[in-house]
1. Please enumerate the residues belonging to region A:50-83 that are away from chain B (no Cβ under 14 Å), in contact (Cβ under 8 Å) with a residue 40 or more places away in the chain and not acidic (Asp, Glu).
2. Report yes if A:Lys26 is part of a loop (DSSP other than H, G, I, E, B), touching a residue at least 24 places away in the same chain (Cβ under 8 Å) and of a type outside the set (S, T, N, Q), otherwise no.
3. Could you please find all residues in region B:186-204 being of a type in the set (S, T, N, Q) and either within 24 Å of A:Pro162 (Cβ to Cβ) or more than 7 Å from chain A (Cβ to nearest Cβ) (or both)?
4. Show the residue pairs meeting these rules: Cβ distance below 8 Å; 6+ apart or different chains; first residue within region B:160-173 and without any contact (Cβ under 8 Å) to a residue 12 or more places away in the chain; second residue of a type in the set (A, V, I, L, M).
5. If a residue must be within 14 Å of chain A (Cβ to nearest Cβ), polar (S, T, N, Q) and assigned to a helix (DSSP H, G or I), how many such residues does region B:140-185 contain?
6. Inspect all residues belonging to region A:249-259 and state whether any of them is assigned to a strand (DSSP E or B) and buried (at least 16 other Cβ atoms within 10 Å of the Cβ).
7. Only one residue in A:Val248, A:Val268, A:Val263, A:Val232 is aliphatic (A, V, I, L, M), out of contact with any His (no Cβ under 6 Å at 6 or more places or on another chain) and farther than 23 Å from A:Thr284 by Cβ, so which one is that?
8. When the residues of region A:76-126 are narrowed to those that are β-branched (Val, Ile, Thr) and within 13 Å of A:Ala145 (Cβ to Cβ), which ends up surrounded by the fewest Cβ atoms within 10 Å (Cβ to Cβ)?
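The values are calculated or read from the model by the stated rules, or taken from the named source; none is laboratory data. Keep in mind it's a predicted model, so treat the numbers as computed, not measured. Note: ideal-geometry Cβ built from the backbone for every residue, glycine included; neighbour counts use all protein chains shown.
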Amino acid sequence: MISVENIRKQFGGFAALGGVDLQIAKGEFVALLGPSGSGKTTLLRVIAGLEFQDSGVVRFDGEDVSDRPVAERGVGFVFQHYALFRHMKVADNVSFGLSVRKRGERPSARERRERADELLRLVHLEGLGDRYPAQLSGGQRQRVALARALAIQPQLLLLDEPFGALDAKVRKDLRRWLRELHSQMGLTSIFVTHDQEEALELADRVVVLNKGAIEQIGTPEQVYTQPATPFVASFVGENTVLPGGVHVRPHDLEITTDGGHAVVVDNVFRKGGVWRIEGMLQGTDTLVELDLDAAQAAPETGSTIHVRPIRASNFTG
Amino acid sequence: MTSPPVRPPRRRNVIPGFGLTFGISALWLSIIVLIPLATIFLRSAHMGLEQFIAVGLSPRALEAYRLSFGTAAAAGVVNAIFGVVVAWVLVRYDFIGKRLVGAIVDLPFALPTAVAGIALTAIYAPNGWIGQLFDPLGIRIAFTPIGITIALIFIGLPFVVRSVEPVLADLGRDVEEAAATLGASRWQTFSRVILPAIGPALLTGFALTFARGVGEYGSVIFIAGNIQGSTEIAPLLIVTQLEQYNYDGATAIAVVMLLVSFGVLLGINLSQVASRRRMGA
């Protein structure tokens, strides 16, 4: 179990983390979600030991590891830009963690190669062990990076925006595959992302960060349907703010014939199985987004419709 | 019926101008480097092999080569080690006066070499600031090969720093962090990850320091003492020959130096081609 207690970290005068508490159970897949500057990457790096907190404690299974250097924490870390060793073959990259072990614990060259091939099979890169990283695609490189991190058999796998540098299709494939790998290997994984869709799709639990503090911790379902703060409501998922601090999702608005909010439609387009209607709340400059079943007729651009929330979060308190 | 004329496919390149720029390069290299060097060979060619060997490979000349190439290599090695440290500090850390340090690194290039030679001699002479510390220990620096090496280290300092710096910057911190997360010690990270990555640039820096050191004259003659057979460098020997109007002798020594230097530089270049191919760049 990973336990983070009251972690504070300043960079110059900027408070990257202002007292963060977080508990992560064995086998969990947790997303740290937030905009840039929210402290999510700093938190991940503090857990890894790549950054040291100003105050607070990091515990692995109850043991304080705050002063333990990164090389002794035994965590697997995957970097956004892969950070592969360019001058080494793929197999040597993967087995690097084994080859730097102390003499007595170091597997032989042959064992290392076997282990590397095994891991490459696991990440579906069989037979590419003798290539150099420069000869692989972005998605392949990130899988090499993952295999390299897994070679040291970490209890904890940390991923810093692992799919950030990849294109949409590759990213989607890798996500699903990472999820499988996580359960298959019984890992505890924490990944950082600014992509709420990625967080909701992959994680068991989502930790939403903003300005160095945790806004909400919950399952993807909780974070999406019961946002704890206005920030979470607007950052996770699409969101319209109606008068009175009412946050409502596009699919939680319906068109009514009696009463409701008047909206002037200024754009309609198809978004998958629905019409996405964008308009302005009449007499204001509040953008309203609304999804309408594509089986129905779409309203004309320029027309005025009336909408009413079916379900909403109210933050006027 | 006639078919439309078929134009021969023209090779097109998005980066045009190879022919022109290659032509200019070849011409330029010829005027600046090859033709002057060729005259040296021409001059020595009419000597005849026996006379050439008698002068170019005389015991005195051999001593001078040994000294020149030996001290240049030693200076290259020392600069390779400390140049990497300096480059490292300049790339990886931010500190007050960083720009100033960066400018100091280039100073040896800007200074007239004779000035450097006189300054170094003053400091390392037995009664100089640093020389007097070593003199009681029986270590003489000025007027020995040690002094020559120090002068060559001084004038060659910028080469390694400036060739390694951009490669280190490009290497990125995350690669070092990756090595650390995998359990590598600082030394393992350096020797297994950083050193191989900067290796080609380091070798370039070494080669430049070496080449500069072999030909260096101005800064060395003051600190060398110029004792025949022990601190007489090859370039000085050439000048001595010239002063005695022995042009044949001077060119013979020059040819030998040229051939050795060219061989070393070519070897270093070839080894880099091999390593670059491996990195797939």
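1. Taking region A:50-83 as the starting set, the residues that turn out to be away from chain B (no Cβ under 14 Å) are A:53-64, A:66-67.
With in contact (Cβ under 8 Å) with a residue 40 or more places away in the chain added as a condition, the list becomes A:53-62.
A:Gln53, A:Ser55, A:Gly56, A:Val57, A:Val58, A:Arg59, A:Phe60, A:Gly62, listed by residue number.
2. On the way: part of a loop (DSSP other than H, G, I, E, B): yes; touching a residue at least 24 places away in the same chain (Cβ under 8 Å): yes; of a type outside the set (S, T, N, Q): yes.
Yes, satisfied.
3. Within region B:186-204, the subset of a type in the set (S, T, N, Q) is B:188-189, B:191, B:204.
Answer for region B:186-204, where residues must be of a type in the set (S, T, N, Q) and either within 24 Å of A:Pro162 (Cβ to Cβ) or more than 7 Å from chain A (Cβ to nearest Cβ) (or both): B:Thr189, B:Ser191, B:Thr204.
4. These pairs meet every condition: B:Gly172/A:Ala83.
5. Restricting attention to region B:140-185, the residues satisfying the condition of being within 14 Å of chain A (Cβ to nearest Cβ) are B:167-168, B:170-185.
Imposing the further condition that a residue be polar (S, T, N, Q) reduces the set to B:181, B:185.
So of that shortlist, the ones also assigned to a helix (DSSP H, G or I) come out as B:181.
Total satisfying the criteria: 1.
6. Filtering region A:249-259 down to residues assigned to a strand (DSSP E or B) leaves A:253-256.
This time we only want the ones that are buried (at least 16 other Cβ atoms within 10 Å of the Cβ), so: A:253.
Within region A:249-259 (the criterion being assigned to a strand (DSSP E or B) and buried (at least 16 other Cβ atoms within 10 Å of the Cβ)), the answer is yes, since at least one residue qualifies.
7. Values: A:Val248 fails: farther than 23 Å from A:Thr284 by Cβ; A:Val268 fails: farther than 23 Å from A:Thr284 by Cβ; A:Val263 fails: farther than 23 Å from A:Thr284 by Cβ.
None of the other options fit; the residue is A:Val232.
8. So in region A:76-126, the residues β-branched (Val, Ile, Thr) come out as A:78, A:90, A:94, A:100, A:123.
Subsequent filtering for residues that are within 13 Å of A:Ala145 (Cβ to Cβ) retains A:78, A:90, A:94, A:123.
Values: A:Val78: 26, A:Val90: 27, A:Val94: 30, A:Val123: 22.
By that ranking, first place goes to A:Val123.
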